[in-house]
Amino acid sequence: MSNLSSSWSVTEPSRLSKWVAGVVVVLYTFITLLPLVWIISTGFKSGQDSISYPPKVVFEPSLEGYVNLFTTRTRVAAEEFQKLPPAETWYDQIVRDQGMVIAGPSRFGERFMNSVIIGFGSTALSILLGTLAAYAFSRFKVPLKDDLLFFILSTRMMPPIAVAIPIYLMYRELGLSDTHLGMILLYTAVNISLAVWLLKGFIDEIPREYEEAALIDGYTRFQAFRKVVLPQAATGIASTAIFCLIFAWNEYAFAVLLTSGNAQTAPPFIPTIIGVGGQDWPAVAAGATLFLLPVMIFTILLRKHLLRGITFGAVRK
Amino acid sequence: MAEVTLSNLSKSYGATQALSDVTLTIPDGAFVVLLGPTGAGKTTTLRLIAGLDRPDAGDIRIGGASVLADTPAQRDVAMVFQQYSLYPHLTVRENLAFPLRSPMIAMPEPQIAQRVKEVAEVLRIPHKLDNKATALSGGEMQRVSIGRALVRNPRIYLMDEPLSSLDAKLRADLRIELKRIHADMGATFLYVTHDQIEAMTMATHVGVLDQGRLAQFGTPRQIYEEPVTAYVASRLGQPHINLLPADAFGAAPPNAAQIGLRPEHIHVGEGQEATITRVEHLGDQTRLHLALGPHSLITLTEPHTPLKPGQTLHIRPMNPLWFDASGTRI
């Protein structure tokens, strides 16, 4: 009887539709994750395994890619190679196994740090400016508010790269080319419109009564903003920060154009690895895998805040 | 505690005139209740005193000094909002402690703990102190919201229908509690309500607002017994005052356009014949709905009346209130 009644329920999905939904979700997940699995596994393959056909799904894991990623190596003549003292470290040994010796560290670590500084720096700056601007737009009487908001949005109406040449010339004149500050300012300029619009939406949803209550409770407007508005905007700030970071972290075109020596980020650097001593796919894959981690960790750390509903129901409407 | 004076206060929001030319003195230690329908300017008055809005004209003085240039924090007032406005990211305890931790008060933590505990007991929420503010029922939120005002010792308490969402029992209890706080602490209250029982039981003074204007200000008895207009008369009294054409019972004073009859102004037993249309037994009293010719009116009778609909009785006015064509009492 209960079986019958549940199969006729209006609100409960039927067994068939649950099945179909399940299959679709699993299939979609598989398709989405496949490239990721491919990259991560290639990073742990040896040079031979990485180019074998058909591709090896089961292989002997190797750290060759990671060692190559962080080192530069030179090939030495066979008779010289014999005379070398035995390898001192495990990574020395991995390089020797390829018939080479370590010449020195690669620039990957440095480029990766550049990405971290520029990515997180511009995200922090976008969020700081975006939150303050969004709060002002949400709460104060700003002259020409709608026009200003539209103007801010309009900066995203063309692809940022469309203004690459003026920016290139401007940066050269200002001495901002190939500097961390220059890249932080550039990515902030691109992200700020997104940040202002997203955050304004979130702050609009926070009832003014909270701040008014705090003002009467003896706080200044800035203190009320910090103690009452900010904690409640945490959800919005977290999701906006993730969007900003993803853009700044992945940006390639400006990075190629404006950075080379000092402030080059990881995206333009990783493809150059392939040119060092043949097609070193494991090293490229290892670089791509490491490159994925910060955004992933950042997103997981902020996941709690992404769940909405923190403020639900505290004000009677 | 302090005397609060409003002089010629006006405020409009866009095209809406919320308050016009209101002059009112809230004496030190008074419990002033503002009555009026939605849109009469009650909440606006509270917001202006609190400093959340700036008046277009007029002055607000607290303790003799104008506060127009002061921030809400500097005015040292406490306010209970109609929407409870509890800080949703804080616990009940943190909500109650919030004003005491402000830079204006900055009370030492041990004292805060003590004060929060006292207030929680008065409001019967000590077992909820560690709950998130969002995990409370509506009535509990309202109590925390009142508590956040009561932890302080401000110059005036501003309350915007604080008891409106509570159940009848709790409302009656808190009414007595607020009155006790008023009496014990000598605190000054400005209290907005729709509820006539709240007005009559708690108020030392009642102000009646009519479309942004102060129609009358006086003691609850004055407002009830000597209303200056038909509008004021209709704000107080359960059942409502009966307003009939002046000649409904024959002779009327010159200029009178309306006769106002509260239940106690209707003498039963002689006079004109009226038909009972409905009998409402409310337990402690019984309401009689009467038809007097084309007019209908309501009066009270004893709880166990044998009267039935369809029966007739004789009524005549006794010390009625008379109003002229503009609604002003004669």
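Taken together, the values in this text are just the output of simple stated rules run on the coordinates, not laboratory data. Owing to the predicted nature of the structure, the values given are computational and were not obtained by experimental measurement. Methodologically, a virtual Cβ is constructed for each residue, glycine included, from the backbone with ideal geometry; neighbour enumeration extends over all protein chains shown.
Just how many % of Cα pairs in chain A lie over 27 Å apart, if you round to the nearest whole percent? Numbers along the way, then the final one.
Details: 30835 of 50086 pairs.
Here the long-distance tail beyond 27 Å is 62 percent of all Cα pairs in chain A.
Could you give the dipole magnitude of the range B:175-282 about its Cα centre, charging the beta-carbon of Lys and Arg +1 and that of Asp and Glu -1, in debye to the nearest 20?
Details: 8 positive and 12 negative charges, 66 e Å.
In total the dipole reaches around 320 debye.
Near the amide H of B:THR229, within less than 5 Å, lie the amide hydrogens of B:ARG329, all on another chain or at least 5 residues away, with H placed in the peptide plane. Close lysine pairs were tallied over the range B:4-234: pairs 8 or more places apart or on different chains with Cα atoms under 29 Å apart number 12.
What FRET efficiency would be calculated for the residue pair B:ALA172, A:ILE31, taking the C-beta separation as r and a Förster radius of 56 Å, to the nearest 0.05? If you can, show how the numbers build up before the last one.
Details: r = 65 Å, r/R0 = 1.16.
Calculated transfer efficiency: 0.30.
Counting other Cβ atoms within 10 Å as a rough exposure proxy, the listed residues B:TYR13, A:TYR135 run B:TYR13, A:TYR135 from fewest neighbours to most. With the simple spin-label model, which puts each label point 7 Å out from Cα in the Cβ direction, the A:LEU181 to B:ARG316 separation comes to 9.8 nm. The Kirkwood hydrodynamic radius of the protein assembly as shown, based on inverse pair distances between different Cα atoms, is 31.8 Å. Within the listed set B:TYR87, B:TYR231, B:TYR157, the residue fluctuating most in the Gaussian network model of chain B (springs between alpha-carbon atoms under 10 angstrom) is B:TYR87.
If the only charges are +1 at each Lys and Arg Cβ and -1 at each Asp and Glu Cβ, what is the size of the charge dipole of the range A:109-306 around the Cα centre, to the nearest 20 debye? List each step's numbers first, then the result.
Numbers: 13 positive and 13 negative charges, 53 e Å.
The calculated dipole for the range A:109-306 is roughly 260 debye.
Just add up the charged neighbours of B:MET202: K/R +1, D/E -1, any other residue whose Cβ is under 11 Å from the Cβ of B:MET202. Each step should come with its number before you reach the end.
Numbers: positive: B:ARG175, B:LYS179, B:ARG180; negative: B:GLU177, B:ASP195, B:GLU198.
That sum, taken over residues with Cβ under 11 Å, equals 0.
Couplings for the range B:181-190, taken from phi via the Karplus curve 6.51 cos²θ - 1.76 cosθ + 1.60 with θ = phi - 60°, read 4, 4, 5, 5, 8, x, 6, 9, 10, 10 Hz in order; Gly and Pro are left as x. The three principal axes of the C-alpha atoms in the range B:4-234 carry coordinate ranges of 50, 40, 34 Å, sorted with the longest axis first.
Ordering A:PHE222, A:PHE150 by the number of other Cβ atoms within 10 Å of each residue's own Cβ, fewest first, gives A:PHE222, A:PHE150. In this label model, B:GLN111 and B:ALA251 are separated by 7.0 nm, measuring between points 7 Å along each Cα→Cβ vector. Which FRET efficiency value, to the nearest 0.05, do you get for A:ASN262 and A:ALA124 by plugging their Cβ-Cβ distance into 1/(1 + (r/R0)^6) with R0 = 22 Å? Calculated transfer efficiency: 0.60.
Where does the range B:225-286 land on Rg(C-alpha)/(2.2 N^0.38 Å)?
Working: Rg = 13.3 Å, N = 62, 2.2 N^0.38 = 10.6 Å.
For the range B:225-286, the normalised Cα radius of gyration is 1.26.
For A:LYS45, the lysines whose Cα falls under 16 Å of its own Cα, not counting residues fewer than eight places away in the same chain, are A:LYS56.
Let me test this: with uniform point scatterers at the alpha carbons of the range B:236-330, what is the Debye-based log₁₀ I(q)/I(0) at q = 0.24 1/Å? Normalising to I(0) and taking log10 leaves -1.28. Placing dummy labels 7 Å off each Cα toward the beta-carbon, the span from B:ASP21 to A:ASP146 is 3.6 nm. Cβ crowding within 10 Å ranks A:TYR91, A:TYR219, A:TYR53 as A:TYR53, A:TYR91, A:TYR219, fewest other Cβ atoms first.
Could you work out the local net charge near A:ASP49, counting Lys and Arg as +1, Asp and Glu as -1, over the other residues with Cβ closer than 14 Å to its Cβ? Write down the numbers at each step before the final one.
Values: positive: A:LYS45, A:LYS56; negative: A:GLU60, A:GLU64, A:ASP97, A:ASP280.
It works out to a net charge of -2.
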